[in-house]
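**Q** Here it is: the structure, laid out below.
The values are calculated or read from the model by the stated rules, or taken from the named source; none is laboratory data. Keep in mind the model is a prediction, meaning the values are calculated, not measured. We place every Cβ from the backbone using ideal geometry, glycine too, and count neighbours over all the protein chains shown. Each accessible area value is taken on the protein alone, full model and side chains, heavy atoms only, with ligands, DNA and RNA left out. Shrake-Rupley method; radii C 1.70, N 1.55, O 1.52, S 1.80 Å.
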Amino acid sequence: MKKTLALLLLALSCTAAFSQQVASRAKAMRMLAFSRPEYMIKDIKVYTDTMTVYSMSDQVIYPFGVWESMEHYITENQLHWYRESGYKKYFDSMEVSINRMSRLDDSYLDLFYSIWTRKVEVLAGRVNDPEVVLANGLHVGVSKDEVFHVFFKKYPKSYTADVAVLKVVSAAGEVAEIYTFKGQKLRHIKVETAYKYY
């Protein structure tokens, strides 16, 4: 009797997990139909409270815009940044020059000038300051709806109600913009990269 009950509970939990996975995939496929063409979204995955969007747009790779020098970025946005220069190791033998731009509220950007693209590339970053605006117009403090409307033309509100984290990842998986919500507001923005060299 105990074995039968245990097997029944195991079967029910597997069925519930499978149906939840199917529902998440169906939700992702429906959201894909609502995506904006300029972001060239190729796939969406939903797992618990995180929605991951895979985009082929250059905006994901250059979330703060395309700049030819760090000085140009600093003077253009007219925000006061503290700048530190240093080096980081890559492939255990190569060192590259990194500039950390930081603000008093712990917002920071790790930037480097790429000799291949001749542009300023973002290596990592975290934005807590509402005055720091991304190239797509998003900044800390905007509503969850405003964030989703940047990437989607329309969508059922119930599909995003449980989403606490929106990750927008470049098609090659090298750059990810991570939007974290607290309630219905954007709490902070993080940029992560998997660059191995420049």
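**Q** Can you give me the number of residues within the range 146-198 that are under 17 Å from Tyr39 (Cα atoms), of a type in the set (D, E, K, R) and outside any loop (DSSP other than H, G, I, E, B)?
**A** 3
**Q** Please go through the range 91-100 and give me each residue that is open to solvent by 30 Å² or more (accessible area, probe 1.4 Å) and either farther than 22 Å from Ile61 by Cα or at pLDDT below 80 (or both), ordered by number.
**A** Selection gives Phe91, Asp92, Ser93, Met94, Glu95, Ser97.
**Q** Right, another one. Could you check the range 101-142 and list, in sequence order, the residues that are outside any loop (DSSP other than H, G, I, E, B), at pLDDT 90 or above and open to solvent by 40 Å² or more (accessible area, probe 1.4 Å)?
**A** Correct list: Tyr108, Arg126.
**Q** Could you say whether any residue in the range 61-74 is of a type in the set (D, E, K, R) and at pLDDT below 90?
**A** yes
**Q** Tell me, which residue of the range 56-86 that is over 22 Å from the mean Cα position of the chain (by Cα) and among the β-branched types (Val, Ile, Thr) is surrounded by the fewest Cβ atoms within 10 Å (Cβ to Cβ)?
**A** Of everything passing the filter in the range 56-86, Thr75 is surrounded by the fewest Cβ atoms within 10 Å (Cβ to Cβ).
**Q** Kindly evaluate Gly65 against the criterion of being of a type outside the set (Phe, Trp, Tyr) and in a loop (DSSP other than H, G, I, E, B). Working first, answer last.
**A** Details: of a type outside the set (Phe, Trp, Tyr): yes; in a loop (DSSP other than H, G, I, E, B): yes.
Against the criterion (of a type outside the set (Phe, Trp, Tyr) and in a loop (DSSP other than H, G, I, E, B)), Gly65 qualifies.
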